[in-house]
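Below is one structure, written out as structure tokens; comments come after it.
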């Protein structure tokens with residue numbers, strides 16, 4: 001049997017995307033494993049492999065092989081995915097931003113009044129410190 005051409009293989013791969021998406025969805029819905037726990041358990045391997053890729057130059061070579069123009073063309077070709085992802089994550093964003101806004105409101109209420117440049121810089125520092133402490137306490 002003759003090896004199919006790269007074009008044929010690429011066409012078959014692209015044409016199978018619809019069925020592959022359905023199989024992917026089914027796999028996500030039916031898995032008994034927790035991929036987040038499995039990923040967290042591999043953080044040592046993640047760091048080792050990333051550090052190896054950077055120190056060996058592989059990471060930089062792969063980025064340079066794509067370049068700015070390649071990144072732009074691939075990113076723009078998938079730009080419609082941006083709004084799809086935003087729409088899918090709206091609830092998560094709502095759950096995340098609510099506590100942030102509450103923290104800002106609470107911190108701002110405790111700040112001294114606006115005043116001179118020095119006083120305003122102090123206010124800004126207090127706000128930044130308050131947000132930093134709030135984030136670390138979560």
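A short reminder: the numbers here are calculations on the coordinates, not readings from a lab. Every value quoted in this text rests on a predicted model; they were computed, and no experiment measured them. As a convention, Cβ positions derive from the backbone with ideal geometry for all residues, glycine included, and neighbour counts pool all protein chains shown.
Within the set [x] 81; [y] 76; [z] 65, the number that percent of Cα pairs over 21 Å apart takes when calculated for this structure is listed as [y]. Per-residue ellipticity at 222 nm, computed for the chain from helices alone with -39500 (n - 2.57) per DSSP H run of at least four residues, works out to -28000 deg cm²/dmol.
Place a point 7 Å from Cα of residue 104 in the direction of its Cβ. Which residues in segment 110-129 have their backbone N less than 17 Å from it? In segment 110-129, the label zone of residue 104 (backbone N under 17 Å from the point 7 Å along Cα→Cβ) covers 110-111, 123-129.
Summarised as an ellipsoid, segment 58-138 has semi-axes of 39, 20, 13 Å, derived from the eigenvalues of the Cα gyration tensor scaled by 5 and square-rooted, with the largest first. Seen against the Cα atoms of the chain and their longest principal axis, helix 117-137 is set at about 50 degrees. Angle, helix 43-56 long axis vs. longest principal axis of the chain, Cα atoms, 0 to 90°, nearest 10? Approximately 80 degrees, to the nearest ten.
Once the C-beta distance of residue 23 and residue 94 is scaled by a Förster radius of 25 Å, the resulting FRET efficiency is 0.20 to the nearest 0.05.
For the peptides 101-107, 70-76, residues were scored by their other Cβ atoms within 10 Å and the scores averaged per peptide; the highest-first order is 101-107, 70-76.
Placing a label point 7 Å from the Cα of residue 137 along the Cα-to-Cβ direction, the residues of segment 91-114 whose backbone N falls under 19 Å from that point are 96-112.
The angle between the Cα long axis of helix 58-77 and the main principal axis of the chain comes to about 90°, on a 0 to 90 degree scale.
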